[in-house]
Amino acid sequence: MKLLHLSDLHLGKRVNEFSMLEDQQYILKQILNIIEEEQPDAVLMAGDIYDKSVPSAEAVQLFDEFLYRLSEGGRQVFVISGNHDSPERLAFGGRLMDRSGIHIAPVYHGHVDPFVLQDASGPVNLYLLPFVKPAQVRKYFPDQEIVSYTDAVRAALEEMGPDPDQRNVLVTHQFVTGASRSDSEEISVGGADNVDASVFDAFDYTALGHIHGPQNAGGERIRYCGTPLKYSFSEAGHQKSVTVAELGEKEKGGEKAALSLRTIPLKPLRDLREIRGTYLELTAKSYYEDMNREDYLHVTLTDEEDVPDAVGKLRIIYPNLMKLDYDNRRTRAGAAPVEGTDLEQKSPAELFAEFYERQNNGPMSEEQLAFAEGLIEKIWEDER
Ligand SMILES: [Mn+2]
């Protein structure tokens, strides 16, 4: 049984105020091509379909088109909501879409029936558990003590009661303890949203969403496939991909089904990268002529002096410059605290020279001093 595992599309997301819509449309097309090539038995989408609980019209159109393309050829598609989605809104029309092979998890209501898929090795029971918080699970199990996320997910999975003699797959959206995070995930206040990997022991494969870097979480049977695109600069070093999980036969008597995992790399329309150097280095033609200047960039300038309107000027070459900062003596030292100085005794030029030194961690040159003095004199003249 071949499963193609996706998650965290975050359709409609803006990264540093740049819309990702065109990039998302591009990557979804690429994913459709991969699916056409791979011909999986099922496509799994493990939550965070949208970036917002009330997604933009464009994001909804994009997902509608994606689902429609996926459904062609009678393909089986399984979708759950993540913490960014509204489970009610995502589930709209779900029972109608079931008939077209698009299966969207309903809002969690204390009971989950599996979808049963068949291949030459027999049935595979596929369970969908959308993102749930302890309070959403607790009300259905009044006799159990459900305090933590681990308690909640364990209770929901025990209720499913997967048959250990058959092959069982879970699609869910949670933060498994020990997974390594990125900046574009929603961090829960207090950080008590983690689930112990042991709760997934009964499943031959757990297709997870929530963490944006592709990784196994406590063994290869529990996996995050990651986002299809980089959604923060903390992900600049990621290779985004889709995961293909193939389940083989399962012997009766508790052993897990054979599993092989593969990733297929995704190539974005525009990469999200970090570059650094002086203004002169980064604006030299020899530097940028061989790169995709449309990439989303975090530029770190190493000039000691601030470059006036650097963002505006750099955007002529790099139109998708997202973030600019400096790494020089001033930024490395941090802003020095202002000490109580004998303000009255010092001239404006002396005070400015002190200010400059504090900002730049170095004194003004003769030329700069003369320029500042001239400027101060002129301003004072004009004031009188
Ligand atoms: Mn997410």
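Worth pointing out:
- Trypsin sites (Lys or Arg not before Pro) restricted to DSSP loop in segment 274-310 with at most 16 other C-beta within 10 Å: ARG293
- Residue among LEU272, LEU351, LEU259 with the largest mean-square fluctuation in a Gaussian network model of the chain, springs linking Cα atoms under 10 Å: LEU351
- Helices in the chain, meaning DSSP H runs of at least 4 residues, each add -39500 (n - 2.57). Divided by all residues, the mean residue ellipticity at 222 nm is -8000 deg cm²/dmol.
- Listed residues HIS212, HIS109, HIS238, most fluctuating in the chain (Gaussian network, C-alpha, under 10 Å): HIS109
- Put the Cα centre of segment 1-45 next to the Cα centre of segment 75-134 and the gap is 18 Å.
- Cα-based reach from LYS133 at 12 Å (exclusive), listing aspartates and glutamates while leaving out same-chain residues under 8 positions away: ASP151, ASP193
- The gain in end-to-end length when the GLU289 to ASN194 segment is fully stretched comes to 29.7 nm, 0.36 nm per residue minus the alpha carbon separation.
- Theoretical FRET efficiency, 1/(1+(r/R0)^6), r = Cβ-Cβ of PHE355 and GLU305, R0 22 Å, to 0.05: 0.90
- All-pairs alpha carbon distance profile, segment 1-120, 10 Å steps from 0, percent: 12, 46, 33, 8, 1
- Filtered GluC sites (Glu not before Pro), segment 30-91: DSSP coil and at most 16 other beta carbons within 10 Å: GLU72
- Summary of the geometry: segment 355-384 and segment 294-313, compared by the centres of their Cα atoms, lie 25 Å apart.
- The alpha carbon gyration tensor of segment 273-333 gives principal lengths a ≥ b ≥ c with a/c of 1.5 or higher and a/b greater than b/c, which makes the shape prolate.
- Computed over segment 1-58, the P(r) tail beyond 18 angstrom holds 40 percent of alpha carbon pairs.
- Remark: spin-label model distance LEU375-PHE141 equals 6.7 nm, labels positioned 7 Å along the Cα→Cβ axis.
- When you filter the chymotrypsin sites (Phe, Trp or Tyr not before Pro) in segment 74-149 for DSSP loop state and at most 13 other Cβ atoms inside 10 Å of their Cβ, you are left with PHE92.
- Burial ordering of MET45, MET160, MET291, fewest other beta-carbon atoms within 10 Å first: MET291, MET160, MET45
- Evaluated at q = 0.11 Å⁻¹, a Debye calculation over the C-alpha positions of segment 2-265 (equal weights, vacuum) places log10 I(q)/I(0) at -0.55.
- Chain lengthening between ARG332 and GLU22 when straightened (0.36 nm per residue, less Cα-Cα): 107.9 nm
- Listed residue pairs exceeding 27 Å between alpha carbons, taken from LYS29/LYS256; LYS2/LYS29; LYS139/LYS230; LYS13/LYS323: LYS29/LYS256; LYS139/LYS230
- Extension reserve of the LYS267-VAL107 stretch, reckoned as 0.36 nm per residue once the Cα distance is removed: 54.2 nm
- Globularity ratio of segment 112-246, using Cα Rg and 2.2 N^0.38 Å: 1.10
Only the coordinates and a few stated rules stand behind these numbers; no lab work does. Just so it is clear, the model here is predicted, and its values are computed rather than measured. Methodologically, a virtual Cβ is constructed for each residue, glycine included, from the backbone with ideal geometry; neighbour enumeration extends over all protein chains shown.
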